[in-house]
Amino acid sequence: PNILLFALAVVFYWILKKRFKSAIAFLVLIILFIMPVFLRNLIVAKDPLPLASQAGINFWIGNNRDADGRCVILPLYRRNLDGKFLARVGDDPWSDEIVWLVALYIAEKNTGRELKESEVNAYWVRQSLKEIFQNPSAWTKLFLKKVYYLLNKKEVSNNRDIEYHAEKISILRILAHFHLGLFLPIGLLGFFISFSNKKLRY
C-alpha cells in the first residue's frame, strides 16, 4: 500500500504537466490492481476497505509520543487484554498477531462497540494526528531522527541481527557497502538534473 503514495504523486505530477491521458491511464491501472482486493473486502467482510487495514496502527507506532524511530512500542501486551475479548476473536486467523489484537482491543474499548477493520484503521489515524498536533515540535524532532536512521549506513533491523548474519555470509558483507545513504543522493541528483534535460525524463 505504501507505494500508492508515490503512484499518486506521479499522477499529480502528470496533471500539473497537463499530460491528462497519461495520468488517467495510470490511475485506471492502479484501480484495476486494487479492485479485486476491494471487492473481496466488500463482499466477504462487508467492509469497504481498499487494501490493508494496518496503516493506522503502524502510523501510530511510528509517530506516538513514546516512539523512538527504531523500535515497535505497543501501548499494551497480550497479558493486558480482556479474557472475553480474546475469546471472541480467538477463531480469527489474526488472533496470534499481537499488533492487530492490541489495535482492535483499544479501539473497541475506547469507542464502546465492535469495529470493522476500516474503523479500527481510522481510529488509529485520528489518534496519531491528535498526538502529532498536540506536540508538533517533538514530532518534528522524531521525524528528523527517522530521516537520519534512514540515511545512515547502519540499517535498522527488524527481527534479525543484520551484522551477525553479515559475519556468516560473505555476500551480505559486500552488500553492506551499498546502502540508501549512498544511493539516495545519486537518485535525487538524477531527479533534479532531469528537470533541465527533457530527454532524461523519458
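The values are calculated or read from the model by the stated rules, or taken from the named source; none is laboratory data. Small disclaimer: the values here were computed from a predicted structure and weren't measured. Cβ atoms come from the backbone with ideal geometry, glycine included; neighbour counts cover every protein chain shown. Side chains are part of the model used for accessible areas, which takes the heavy atoms of the whole protein and leaves out ligands, DNA and RNA. Shrake-Rupley method; radii C 1.70, N 1.55, O 1.52, S 1.80 Å.
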Can you confirm whether the stretch 107-130 contains a residue that is open to solvent by less than 50 Å² (accessible area, probe 1.4 Å), under 15 Å from Gly56 (Cβ atoms) and assigned to a loop (DSSP other than H, G, I, E, B)? yes
For Leu81: the one exception among (1) hydrophobic (A, V, I, L, M, F, W, C); (2) open to solvent by 50 Å² or more (accessible area, probe 1.4 Å); (3) more than 30 Å from Leu150 (Cβ to Cβ): (2)
A careful count of residues in the stretch 78-94 that are over 14 Å from Lys109 (Cβ atoms), in contact with a helix residue (DSSP H, G or I) (Cβ under 7 Å, 6 or more places away or on another chain) and in a loop (DSSP other than H, G, I, E, B) gives 1
Against the condition modelled with pLDDT under 90, closer than 21 Å to Leu49 by Cβ and either touching a strand residue (DSSP E or B) at 6+ places or on another chain (Cβ under 8 Å) or of a type in the set (S, T, N, Q) (or both), how does Asn159 come out, does it pass? no
Of the residues Gly62, Gly69, which single one is outside any loop (DSSP other than H, G, I, E, B), touching a residue at least 60 places away in the same chain (Cβ under 8 Å) and of a type in the set (Gly, Ala, Ser)? Gly62
